[in-house]
1. Does Leu278 meet the test of being part of a strand (DSSP E or B), in contact with a His (Cβ under 6 Å, 6 or more places away or on another chain), within 23 Å of Gln336 (Cα to Cα) and among the hydrophobic types (A, V, I, L, M, F, W, C)?
2. Considering only region 90-132, state which residues are free of Cβ contacts under 8 Å to residues at least 40 places away in the same chain and open to solvent by less than 50 Å² (accessible area, probe 1.4 Å).
3. Check whether at least one residue in region 304-325 is acidic (Asp, Glu), open to solvent by less than 30 Å² (accessible area, probe 1.4 Å) and closer than 30 Å to Pro235 by Cα, and report yes or no.
4. What number of residues within region 198-214 are open to solvent by 40 Å² or more (accessible area, probe 1.4 Å) and modelled with pLDDT under 95?
5. Give the residues of region 326-339 that are in a helix (DSSP H, G or I) and open to solvent by 70 Å² or more (accessible area, probe 1.4 Å), sorted by residue number.
6. Criterion first (farther than 19 Å from Thr319 by Cα and surrounded by fewer than 18 Cβ atoms within 10 Å (Cβ to Cβ)) does Pro358 satisfy it?
7. Can you list residue pairs whose Cβ atoms sit under 8 Å apart, with the first residue in region 162-173 being touching a residue at least 12 places away in the same chain (Cβ under 8 Å) and the second being in a helix (DSSP H, G or I) and of a type outside the set (A, V, I, L, M)? Count only pairs 6 or more apart in sequence or on different chains.
8. Residues of region 24-80 being open to solvent by 40 Å² or more (accessible area, probe 1.4 Å) and of a type in the set (Ser, Thr, Tyr), which ones?
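The values are calculated or read from the model by the stated rules, or taken from the named source; none is laboratory data. Because the structure is a prediction, the values reported are computed rather than measured. Virtual Cβ from ideal backbone geometry, glycine too; neighbours counted across all protein chains shown. Just the protein is used for accessible areas: all its heavy atoms, side chains included, with ligands, DNA and RNA removed. Shrake-Rupley method; radii C 1.70, N 1.55, O 1.52, S 1.80 Å.
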Amino acid sequence: MSESCLSGLTRALRKGESLARRRGRAVLVVYSLAAERLEPLRLFAANRQVFGQSLFWSSDQGALALAGFGCTEEISPPAAERFAASTQAWRQLLLQAHQVGPKRAYLCGGFAFDPQGPRSAQWQSFAATSLVLPRILLLREGEQQHWLFSLWIEPGADVAQCAGALEAEWALLQARYTHAPLAQMPVGTQAEDDTQAADRWQDCVARAIARIQGGELSKVVLAREVCLRASRSIPCGPLLENLRAAYPQAFLFAFSRGDSCFLGATPERLVRLARGTLNTVALAGTCARGQHEQQDAELGQALMDSAKDRHEHALVVQTLREALQPYCAMLEIPPQPQLHRLAHVQHLLTPVLGRLRPQVDLLQVVDALHPTPAVGGLPRGKALGYIREHEQLDRGWYAAPVGWLNAEGDGEFAVALRSALIRGNQAHLFAGCGIVGESDPASEYQETCLKLRTIGEALRPPPAAPSVAASGGQSAL
């Protein structure tokens, strides 16, 4: 950190300490300054476990990226009214903040899919709500990059010592960025034998179809989990690099807590808010990619012509419209979906554009939208109840909102699909399907296998490395 930057940080902290003495309580200082050009993903990979927790986010093909380290403040309210309570806590935090520099504070994190659902030990590091103000954050917006530092400063605090501690942490991040060796993916990732699990899951789908045909539900989304084991700890940096290379248009995310890291490359935006303009998508209906251009086009057209998939998609569109209308002064939704092609699958997608009414905030919209019919079902309450009773899976943050919001009220949340929970040498992969009356259990199972390939293939070493993948791993993905 240059002398001028350090002196700017020290001045901001000194002012914060003065305010703290005047108010008789701690003051949150947020200091930002322009940063040299760094690669946020590489910074995250080199420092993921240095400060206990860290995060990475990338959207718009990397034009917007965040790499955050440490935790100055965590918003984690009780499950009841968790979105409204988080908004209120964020507002209160900002009222106590002394912010200096070109950028204001960012809050980053996620939510559990269902705080009332089953809980398992593997998700214990991830609270039902966890929105974190990082101690040090690298922010990329287009060609501009900034560092953001945050610190609570008490009345009478030693300002020079506080500034020195932040500078030392920043220097450590930089040193590891420059000198950390490049990690390699382990060889021989194997899947647990899940033949019986596959049969049980298809039986669960069959029972859901019967309930839907009986009129209890319109749709329910059922997910499953596959656990892969590697020969040694799985490095998250190369895994994210592989995902970025294979899915450049996806939202890339990682939230690390100790030895556990939840990461993924999701195609689905839940909501983006920029200066009062809202963007979201309806994403439902899936088929495979073709082996060649003609087959790909034929499969895509068959998806567009599929009564089952168009019905499933229309349910999502209508639910989005009904959920957003109370919050939007204007709403634009095209009458027909379009094809959204990814590496292994293609989806039906309908973009949605809206203009928020005054006094509506981002987390209100997140609350209104989550869970969408694409990850929960319809009617929402009955579908969630069915999932809790029959799915027998702790989804954790899978299929839940993950993202960021800032002090200006802007932000972006995605639906955490095509994702995995990495714990040491284990990777817990998740995928699900929307079940309607016309669904077929075997076809739905094959669709989950297609979706699991997103992470499964990213876990493989580069082609030049020796690869001895077990047949169990191949069949599971």
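1. So Leu278 does not fit the description; no.
2. Looking only at region 90-132, we keep the residues that are free of Cβ contacts under 8 Å to residues at least 40 places away in the same chain, and these are 91-92, 95, 115, 121, 124.
Listed by number, the list holds a single entry, Pro115.
3. no
4. The qualifying residues number 2.
5. Pro326
6. yes
7. Between residues of region 162-173 that are touching a residue at least 12 places away in the same chain (Cβ under 8 Å) and residues that are in a helix (DSSP H, G or I) and of a type outside the set (A, V, I, L, M), the close pairs are Ala163/Thr10; Leu172/Asn47; Leu173/Asn47.
8. Correct list: Ser76 only.
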